[in-house]
Structures are given as C-alpha cells and as structure tokens.
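Structure record follows, encoded as structure tokens.
The values are calculated or read from the model by the stated rules, or taken from the named source; none is laboratory data. Since we're looking at a predicted model, the values are computed, not measured. Please note: Cβ atoms are built from the backbone with ideal geometry, for glycine as well, and neighbour counts cover all protein chains shown.
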Amino acid sequence: MHVQEWLETVPAVSVYVLVGVVIGLESLGIPLPGEIVLVSSALLASQHGEINPYILGACATAGAIIGDSIGYAIGRKGGRPLLARLGARFPKHFGAGQIAMAERSFQKWGMWAVFFGRFVALLRIFAGPLAGVLRMPYWKFLIANVLGGIVWAGGTTAVIYSVGVVAEAWLKRFSWLGLLLAVLIGIVSMLVVKNRAAKAGEGHGSGEETAADRPEPVSAPVAD
C-alpha cells in the first residue's frame, strides 16, 4: 500500500504523531523515510480538511528539532565508538566514506552543516549525532538546528500543501493532468532547493586551504 493511501485510513491525530515521531527518529540518526512521510502527509492535508497543515508543520518541525537535539546528546556522550557501532549496524548509511564526507562538511561549514544538512538526506541523519561527536558548541548547534528544522519541515509542509490545493482546483477545472503537473512542479521545486544546497556545500569544500583559511577543528573541547 502506498504511504498516502495508508495515511488516509488513520485519524488526523495519528498522522500528526506519526510525522513527528518518524522525522524525530530520522533526525536522531535512524535511517527512516521522514521526507516521504512528510510530503505524503502534507499532500493528504491539502485534500482532506480534517488534517490541519499548521499543526502538521508544527509537529514536523518539533520532531526535527527534538530528534536532532537527542542525537547531539547521544553523539556527545558516545563519541567516535558510537559511529563505529552505527557503521556496523547501518553500513549503507554510516560507512567510512559517508562518515568522512560528513566530517569534511562539518569541519568546513561548522554550524551551517547542520542547517543545510536538513535538505540532504544523508546529512539529515548524521547532523545531530556527528555534531555531538565533534563537540560542536551547543549554542551554535541549537541555532542551526532550530532554523533548519523550521525552514525544512515548515517550508516543505507549506510548499506541498499549496501545490496540493492548486492541484485539486486544476483537477476540477481541467483533468487529472492538472494534478500531475502540480505534483511535478512541487517535486521539481524541492529538488532545486536541495541541489542548490548541495552545490553550495561542494563550492565551500573545494579548493586548497591555506593555514590562515583552515578552520579551527570543531572537535576541540569548548565549554558550552
């Protein structure tokens, strides 16, 4: 059964809880389809009045922020042995190559890796635990975590909901082609945002660094 078809069979409160929990667990460091669940729920809200998009966006945002914060605490306490255990359990997501890429992003971008990581599936899973492992100052992590959670979760909900409303109007006036076109526009918009975030990360990570340009290691112990 498709995710959206399954969501149509459960009460609105259950949808809110499901979205918050799945996104929270994904942000905590467990590979789950948080984005798929959020997009499906937002599209469902545009077609069924019993699901409030504002409550849905708030639950998604809260799940993202809380999950990342718990992941940070776990990563700070568990240290690098935690990454080794995750690599053994989820080799496709926490392999040596993925961890090395994420560490380079954090060392170059610092707190902005947490913010932009929301728009990249791999970094979305890594952000909280890795920030804790590298002992990023919590106040920096918190700012990026809150801003990233609001922009990603709230923004995704708003965009997909709006697309769904427009699609339903087109569907009544024209045909199912209107729905297809509207959904495609929403998907393309999300991909463009993700692509720009990824390119920005590559641009910042490219080029040789001089001793003056090299950022201070994030892993250096800093008092919170």
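Among the residues of region 95-111, is any closer than 20 Å to Ile66 by Cβ and modelled with pLDDT under 85? Within region 95-111, one or more residues are closer than 20 Å to Ile66 by Cβ and modelled with pLDDT under 85.
Out of Ile65, Ile36, Ile55, Ile30, I need the residue that is under 17 Å from Val165 (Cβ atoms), of a type in the set (A, V, I, L, M) and touching a helix residue (DSSP H, G or I) at 6+ places or on another chain (Cβ under 9 Å). Which one? It is Ile55. Quick one: which residue in Ile30, Ile55 is assigned to a helix (DSSP H, G or I), surrounded by fewer than 19 Cβ atoms within 10 Å (Cβ to Cβ) and within 19 Å of the chain's Cα centre (by Cα)? None of the other options fit; the residue is Ile55. When Leu83, Leu123, Leu44, Leu142 are checked against the criterion of being within 26 Å of Val13 (Cα to Cα) and either touching a Ser or Thr at 6+ places or on another chain (Cβ under 9 Å) or assigned to a helix (DSSP H, G or I) (or both), a single residue qualifies: Leu44. With respect to (1) at pLDDT 85 or above; (2) among the polar types (S, T, N, Q); (3) surrounded by fewer than 18 Cβ atoms within 10 Å (Cβ to Cβ), the lone exception for Ser69 is condition (3). Here Leu82 meets each of (1) within 29 Å of Thr157 (Cα to Cα); (2) buried (at least 19 other Cβ atoms within 10 Å of the Cβ); (3) at pLDDT below 85 with one exception, condition (1). The residues in region 105-120 that are touching a helix residue (DSSP H, G or I) at 6+ places or on another chain (Cβ under 8 Å), touching a residue at least 40 places away in the same chain (Cβ under 8 Å) and assigned to a helix (DSSP H, G or I) can be counted, and the count is 7.
Could you look through region 120-148, keep only residues that are among the aromatic types (Phe, Trp, Tyr) and at pLDDT 85 or above, and pick out the one that is surrounded by the fewest Cβ atoms within 10 Å (Cβ to Cβ)? Residue satisfying both the conditions and the ranking: Trp139.
Within region 33-52, if we keep just the residues that are polar (S, T, N, Q) and surrounded by 17 or more Cβ atoms within 10 Å (Cβ to Cβ), the residue that is modelled with the highest pLDDT turns out to be Ser41.
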